[in-house]
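Have a look at the structure below, then the notes.
The values are calculated or read from the model by the stated rules, or taken from the named source; none is laboratory data. From a predicted model like this one, the values you see are computed outputs, not experimental measurements. Cβ placement follows ideal geometry from the backbone for every residue including glycine, while neighbour counts extend to all protein chains displayed. Heavy atoms of the whole protein, side chains included, go into the accessibility calculation; ligands, DNA and RNA do not. Shrake-Rupley method; radii C 1.70, N 1.55, O 1.52, S 1.80 Å.
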Amino acid sequence: MAVTGPRPGFTAPVLACQQTFRSLLTAIAHPGRVMAVGTPLDPPLPLGLASAAILLTLADMETPIWLGGAGEEAAQFLQFHSGAPIAKERAQAVFAFVARASDLPPLVHFNAGSDASPERSATLIIEVDGLVAGQGRRLAGPGIEGETRLDVAGLDGGFWDAWRRNGARFPMGVDVIFTAGDRLAALPRTTIERS
Amino acid sequence: MTDESDTAGENGYNFAYLDEQTKRMIRRAILKAVAVPGYQVPFGSREMPLPYGWGTGGIQVTAALIGPDDVLKVIDQGADDTTNAVSIRRFFERTAAIATTTRTVEATIIQTRHRIPETPLAPGQILVYQVPQPEPLRRLVASEVETRTMHALEEYGVMHVRLYEDIARHGRIATAYDYPVKVNGRYVMAPSPIPKFDNPKMDRNPALQLFGAGREKRIYAVPPHTSVKSLDFDDHPFEIERWNESCALCGATETFLDEVLTDDAGGRLFVCSDSDYCHERRVVEDD
Amino acid sequence: MYVAVKGGERAILNSHKLLDEERRGDPRVPTLGLNQIEQQLGRAVDRVMTEGALYDRHLAALAIKQAQGDLVEAIFLLRAYRTTLPRFGYGVAIDTAAMAIRRRISATFKDLPGGQVLGATFDYTHRLLDFSLAGEHDSPPAAAVGPAPLDAAMPRVVDLLNLEGLIEEERPDPAKDRVSDLTREPLGFPAPRDMRLQNLARGDEGFLLGLGYSTQRGYGRNHPFAGEIRVGEVAVAFVPEELGFAIEIGEVTLTECQMINQFKGSKSHPPQFTRGYGLAFGHSERKTMAMALVDRALRGQELGEDGEAPAQDAEFVLYHSDNVEASGFVQHLKLPHYVDFQSELVMVRAMRAAQGEAAADD
């Protein structure tokens, strides 16, 4: 097989980044809402369309990415198109991509920011098996009118306990974006899971 | 690597003026601002072709948000036709070739200075505030190092003391605009110099509220449906302005009114500060 | 009936046409060429480049012309242009010891290796208006060329002092892998010295001059000597990633000032001379001297000095030094504020009414 460069990124990056960002902003402003990324992109596995689009939209040389369960091709793809360095340590990551939700490292391994600078915390992008709104876990908090529900398929049972502990550190804490193919849903650190 | 030619704006500038690297940095700041409601996220504010203090923070936030499907409304003092609102609207027409409107209900993004529209905002709309001084504690404490620590420790006693001193001296809290609020029960936040009349509109608003302070290099946010409480005391609850007069143009009695001097003998009349709201009411009447 | 008198787009466009007319002035007078500004208003060009943070004489001249000679406005124009330029990377640190000297003076040593080089200076001119310049004719006689070329080696005075260990050493901070950049990240506190120096280099000359002067008058006194001021050309080099070694990409004219300040010592530092540093594009002696005084004043804390003078307060100095920020915010008061003012009117009337009622009750 001939040696080839990384797969292409966005064909119209200015628009694609703007649209992806707005989907993401809607998702984080409305935790639990499932959004679709509409822009075409064919990233190497295990990056999904949504997770790759998010990273190409937000990451650059100032934001190290930690990759969990993603191989060399995914790393090269991200480095080539975003210029972002690949973080060796979880704690250094501004963004972390986790290819399989069941392999998610403890949330406390990632940078949670500080009380004085909570914005310096990591954003975790976790590829899951499926996202369905309107059923599953009950969520409340800023961005949610009353209560909403989100079903995250493939998530380890311990996640929600860890999530509760993450919320208890507020204003510190990581933020999470679940991705499944072209779908995404967000859990900012303020979102409370009511079980 | 990144071809940025797909949607070029005027004279070779990028779409919506800002380069993509700057937009990325601002977008990251906006997302963290939404995740920590009311907290001021520092960002690498750029020099804009408009002066600091004239809306550069709001413009940078809008530029990082806006796309070809958006409809932008820009108001200053509630009106679409004030000079700086005209100038900012024209800036985005030139650099992003987007559609603009004066109608609150048609807009997807509303950039504002000093007012929240009278027409209730709808889910999905984004209100972008231009902020001159993002730090609500700055009037009390000049040092950024100190105010940052106060926010980190949720140490807001000094603010309550200041408000209480007002009550002791004047019988009321003598702050009429930029009246401090507490967001989601945690951060004390400057609502920007909106009249306190508008403060209640921030509470549990279905729209996303974003705040940009260009000169002070801060971005902060209130997500939809989020609690925003004006600081007060049980025995001195928060109150908004009321007028005995009504709008001379549309007759509204529940809006924020601008006072207009009509002669040099004390003659004055009052008109809605929200020009679109006033106009809509008159159109309905005429029908 | 009342008609809202508010500025429309047409009014703005017309205002800008008027502005253009005013800029041009009497059309019978020839328009200013940018080369005239570059050549004959060089000090203005230097200031605009320094505070505009962009080394481009031609664009600075254009900005000065467009701004009708309002230098703060010209600085703003240049900054707003600069911010749109793509960033290729960071240059290699310049070496001012290797400067091609035009002027070099030291107030601390009568003579020194390389000697004193007076060069072109306003110093020792008698400030008498030269009425001969008012005419068209302006061809001054050439200055005499010295008997010998300048010494090739022109070591910096502070480096000479360093041989004796009498002045603090300055070494790059090994913990820092890259230099701070205020144009990418906002000012944070405590601000490291590289960030402070960047802020001061971009800072308003008048503001720094006043602050520097205040340190001399006792507000944070730090006993300065002008160790050396040098003006000349310095090479700029850059390491392209694909090459991996530095290549020279041009040269810039710079003014550098190293102030030497007496220091009695503290718990953490022995008695020795300390430094204040100033650097600016072009020939900008006043700016670099003021900058060096303020730089030294801002180092009080790290040297264990106590002091609460304005020039020693990093937040105060660094947050208020930038004239683009300051000019914008001061002038924003021209924008309509009638909503806030109306809120205040309602408040003051209510308070007066309450006071009146209380008085009536008494």
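What to note about this one:
- Cross-link reach is defined here as a Cα-Cα straight distance under 18 Å, omitting same-chain residues fewer than 8 places apart; for C:Lys267 the aspartates and glutamates meeting it are C:Glu168, C:Glu169, C:Glu302, C:Glu305, C:Asp306.
- Shape of the stretch C:9-82, Cα gyration tensor, a/c cut at 1.5: oblate
- Chain A shape via C-alpha gyration tensor axes, a/c threshold 1.5: prolate
- Against the main long axis of the alpha-carbon atoms of chain A, helix A:159-168 sits at an angle near 70°.
- Charge-dipole axis of the stretch A:13-189 as Lys and Arg at +1 and Asp and Glu at -1 on Cβ define it, positive-most pick from A:Ala27, A:Asn166, A:Ala84: A:Asn166
- Cα gyration tensor category, rounded, prolate or oblate, for chain B with a/c compared to 1.5: oblate
- Buried accessible surface for the A/B chain pair comes to about 3500 Å², total over both chains, computed with a 1.4 Å probe.
- Largest-first ordering by accessible area, 1.4 Å probe, given options C:Tyr319, B:Tyr156, C:Tyr124: C:Tyr124, C:Tyr319, B:Tyr156
- The figure for B:Ser230 is an accessible area of roughly 20 square angstrom, using a 1.4 Å probe on the protein chains alone.
- Where the stretch C:293-362 is the region considered: accessible area per residue in Å², 1.4 Å probe: 53 Å²
- Rolling a 1.4 Å probe over the protein chains gives C:Leu345 an accessible area of about 40 Å².
- Only beta bridges with both residues in the stretch A:13-189 are counted; by DSSP, about 50 percent of them are antiparallel.
- 20 Å reach of a label modelled at B:Ser246, 7 Å along Cα-to-Cβ, counting backbone N of the stretch B:267-287: B:268-287
- Accessible area of chain C belonging to carbon and sulfur atoms, whole % at 1.4 Å probe: 58 percent
- For the chain pair B and C, the interface hides roughly 4500 square angstrom of accessible area in total, found with a 1.4 Å probe.
- Note on chain C: helix-only mean residue ellipticity at 222 nm, from DSSP H runs of 4+ residues weighted -39500 (n - 2.57) and normalised by residue number, equals -11500 deg cm²/dmol.
- Rounded to the nearest 5, the antiparallel percentage of DSSP beta bridges internal to the protein assembly as shown is 70%.
- In this structure the amide hydrogen of C:Arg103, modeled in the peptide plane, comes within under 5 Å of the amide hydrogens of C:Val231, none closer than 5 places in sequence on its chain.
- Counting only protein heavy atoms and using a 1.4 Å probe, the accessible area of C:Met289 comes to about 60 Å².
- Candidate lysines - alpha carbon under 30 Å from B:Lys182, same-chain residues fewer than 8 apart omitted: B:Lys23, B:Lys32, B:Lys73, B:Lys196, B:Lys201, B:Lys217, B:Lys229
- Summing Lys and Arg as +1 and Asp and Glu as -1 over all other residues whose Cβ lies under 10 Å from the Cβ of C:Arg286 gives a net charge of +1.
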